[in-house]
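Student: Supplied in structure tokens, the structure appears directly below.
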Amino acid sequence: MPTLAEKKAVVEEITENLNNADALYIANYKGLSVSEINELRTKFRNQSVRFRVYKNTLIKRAMDEVGGFEELYPHLENQNGFAFVNEELAAPAKILKEFYKEHNKPQFVAALVEGDYYKEDQLDTLASMKSKNEVIGDIMGLLMSPVNNVINALQSPGRTIAGAVKTIAEKDEQ
């Protein structure tokens, strides 16, 4: 049985993870074998997602300290794993969806992504979110498109105008 000091240390760790994360995903890992949970942890780690298993009472204490997680309280039951993510907010959803297709578990429970609450039936919505790099690429493409159009438009009439001026100049000489 963990001592009070050990529990406080775990709550401090959870509090730090909550403060540093832009999103928190909850998944019920009941029924996963040790090898399956290790495979899942590896997939999360490869995407820079911190996946931890905590006692629900301890994570609730940390959530109380940090604030803003009240919508997740009803989901703090059963055997939950918690995915903390900073950069690629959709990465845990994509991993959970892919892993579920292969193993029929774990069950996505809920998520809080940048303050927005998502229920268990919204995993597909989360998984379809574009990554930060994809959004930046789309924005760059949108910004570059008008510039390219303007450059092309300026170059085409420039050639046409130069040709027209040359033709007019030649007619005047005749």
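Student: Once you put a point 7 Å from the Cα of TYR100 and another 7 Å from the Cα of GLU70, both along the Cβ direction, what distance in nm separates them?
Tutor: Using points 7 Å along Cα→Cβ, the separation is 2.8 nm.
Student: Say each of GLU87 and LYS132 gets a label point 7 Å from the Cα, pointing the same way as Cα to Cβ; how far apart are those two points in nm?
Tutor: 0.7 nm
Student: What pairs in LYS55/LYS97; LYS30/LYS105; LYS30/LYS101; LYS30/LYS97; LYS97/LYS119; LYS30/LYS130 have C-alpha atoms more than 18 Å from each other?
Tutor: Long pairs (Cα-Cα over 18 Å): LYS55/LYS97; LYS30/LYS130.
Student: Right, another one. Remind me, relative contact order of the stretch 1-139 in percent, using alpha carbon pairs under 8 angstrom and six or more residues apart?
Tutor: Across the stretch 1-139, relative contact order equals 33 percent.
Student: Moving on. Collect residues whose amide H, placed 1.01 Å from N in the peptide plane, falls under 5 Å from the amide H of ASP22; neighbours closer than 5 in sequence don't count.
Tutor: VAL85, ASN86
Student: Now for a different question. Need the list of aspartates and glutamates near LYS132 for cross-linking: C-alpha distance under 18 angstrom, and skip anything on the same chain fewer than eight residues off.
Tutor: ASP22, GLU87, GLU88, GLU114, ASP116, ASP124
Student: Please give me, ordered by residue number, the GluC sites (Glu not before Pro) of the stretch 1-85 that lie in loop per DSSP and have at most 12 other Cβ atoms within 10 Å.
Tutor: Hits after loop and neighbour filter: GLU77.
The numbers here are math on the coordinates, done by the rules we state, and not lab data. Just so it is clear, the model here is predicted, and its values are computed rather than measured. Note that each Cβ is placed from the backbone with ideal geometry, even for glycine, and that neighbours are counted across all protein chains shown.
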